[in-house]
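J.: Attaching a single structure in structure tokens format; questions to follow.
The values are calculated or read from the model by the stated rules, or taken from the named source; none is laboratory data. Just so you know, these numbers come straight off a predicted model, no measurement behind them. Backbone-built Cβ (ideal geometry, glycine too); neighbour counts: all protein chains shown. Areas reflect the complete protein model, heavy atoms only, side chains present, ligands, DNA and RNA absent. Shrake-Rupley method; radii C 1.70, N 1.55, O 1.52, S 1.80 Å.
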Amino acid sequence: MGTGFSVRYVLLKAIFGLIVIGSLDQSASASRQAIEDPTHAMLAFYKALYLAENGASPVLTRIIHYGDSHVAADVLTGALRNKFQLGFNRQGRGVIYEAIGRNGARATDLLAWDWRFMARSLESQKPSLIVIGYGSNEVGDADLDVSDYAASFRILLARFRKATPGASILVISPPDRAVRAGARWRTMPNMRRLVEAQRQVALDQGAAFWNQFQAMGGAGSIERWVTAQLARPDRVHLTRSGYRLVAEMLYEELMRGYLLALMGKSGDRERAGAATAISPGL
């Protein structure tokens, strides 16, 4: 989608009455980036959404989003929370979107947590979706070893999977980040390698993956977002408008995956049965 091009999209599934309407301002060269989900990791979450949409779930559908300062600010997560609550809350039931973020956090920090307590807590909460969004701090570490990082990230996803075997897991890459090189700003040298490491580990571990870095426009995109007042001058954090745009893009992809699962349109036999698995009455 070209610069300055504004996209209005409408996704409609008349059978169950879901309508999602939004707009994307593409002035910062953002582009559609599909959620990668070759193992259909998101189906458990989509089923929970269907039950929430139809008021058929006896419990609330819970999303827990772990991350760094991008999550701690609760602008990105707040926008996502509003969208889910508007679209899926029915008859006193619906979606809870929790944000657990800390400034300066790294994915490996979670390995130091008490995972016996974590397992009990997650078993009690019964989330339908775990979202994991780290990388902006790690990519700036001078001593970053991407191979070691990938090994630790693999352990982290395995712990989440063991603690929440019935939940979907979605890994979100960090946004573009730049460092000054002379008179210019350049994407952090390890950004592409870190994003690819997260992607490979996520897919290997049966999780889904959304490449926020590419959705923004890839290397150098943070500079364009600063110009468009969608990112802050530090070339690390986004503005409120930028986080809301990212929320819009991610929510669109989640709804696209949800509707395709309900309609059984995937091109393979396993996903073709997803509509029956999620909503046997359709």
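J.: Of the residues Arg180, Arg159, which single one is open to solvent by 70 Å² or more (accessible area, probe 1.4 Å), assigned to a helix (DSSP H, G or I) and among the charged types (D, E, K, R)?
T.: Every option except Arg159 fails the conditions.
J.: Here is a further query. Which residues, taken from the range 162-177, are among the β-branched types (Val, Ile, Thr) and either surrounded by fewer than 16 Cβ atoms within 10 Å (Cβ to Cβ) or within 17 Å of the chain's Cα centre (by Cα) (or both)?
T.: Ile169, Val171, Ile172
J.: On to the next question. Criterion first (assigned to a helix (DSSP H, G or I) and either over 13 Å from the mean Cα position of the chain (by Cα) or of a type outside the set (Asp, Glu) (or both)) does Val226 satisfy it?
T.: Taking the combined requirement at face value, the residue satisfies it.
J.: Counting just the residues of the range 89-140 that are of a type in the set (Val, Ile, Thr), open to solvent by 10 Å² or more (accessible area, probe 1.4 Å) and not in a helix (DSSP H, G or I), which one comes out farthest from Arg161 (Cα to Cα)?
T.: Filtering first and then ranking leaves Ile96.
J.: Are there any pairs, at least 6 apart or on different chains, whose C-beta atoms fall under 8 Å, with the first in the range 198-223 and among the basic types (Lys, Arg) and the second open to solvent by 30 Å² or more (accessible area, probe 1.4 Å) and outside any helix (DSSP H, G or I), and if so, which?
T.: Within 8 Å, the pairs are Arg199/Glu36.
J.: If I filter the range 184-202 down to residues being polar (S, T, N, Q) and more than 16 Å from Ile169 (Cα to Cα), which single residue comes out as surrounded by the most Cβ atoms within 10 Å (Cβ to Cβ)?
T.: Restricting to residues being polar (S, T, N, Q) and more than 16 Å from Ile169 (Cα to Cα), the top hit is Thr187.
J.: Separate question: Identify, please: which residue in the range 203-218 is part of a helix (DSSP H, G or I) and more than 24 Å from Leu245 (Cα to Cα) and is, among those, most open to solvent (accessible area, probe 1.4 Å)?
T.: Selected residue: Asp204.
J.: Of the residues Leu254, Leu250, only one is out of contact with any helix residue (DSSP H, G or I) (no Cβ under 8 Å at 6 or more places or on another chain), closer than 20 Å to Phe160 by Cβ and open to solvent by less than 20 Å² (accessible area, probe 1.4 Å); which?
T.: Leu254
J.: Quick check on Arg232: is it under 18 Å from Ser69 (Cβ atoms) and surrounded by fewer than 18 Cβ atoms within 10 Å (Cβ to Cβ)?
T.: Considered against the rule, which asks whether it is under 18 Å from Ser69 (Cβ atoms) and surrounded by fewer than 18 Cβ atoms within 10 Å (Cβ to Cβ), Arg232 comes out as yes.
J.: Another question about this same structure. Could you please find all residues in the range 46-74 being at pLDDT 95 or above, surrounded by fewer than 21 Cβ atoms within 10 Å (Cβ to Cβ) and in a loop (DSSP other than H, G, I, E, B)?
T.: The answer is Asp74, and nothing else.
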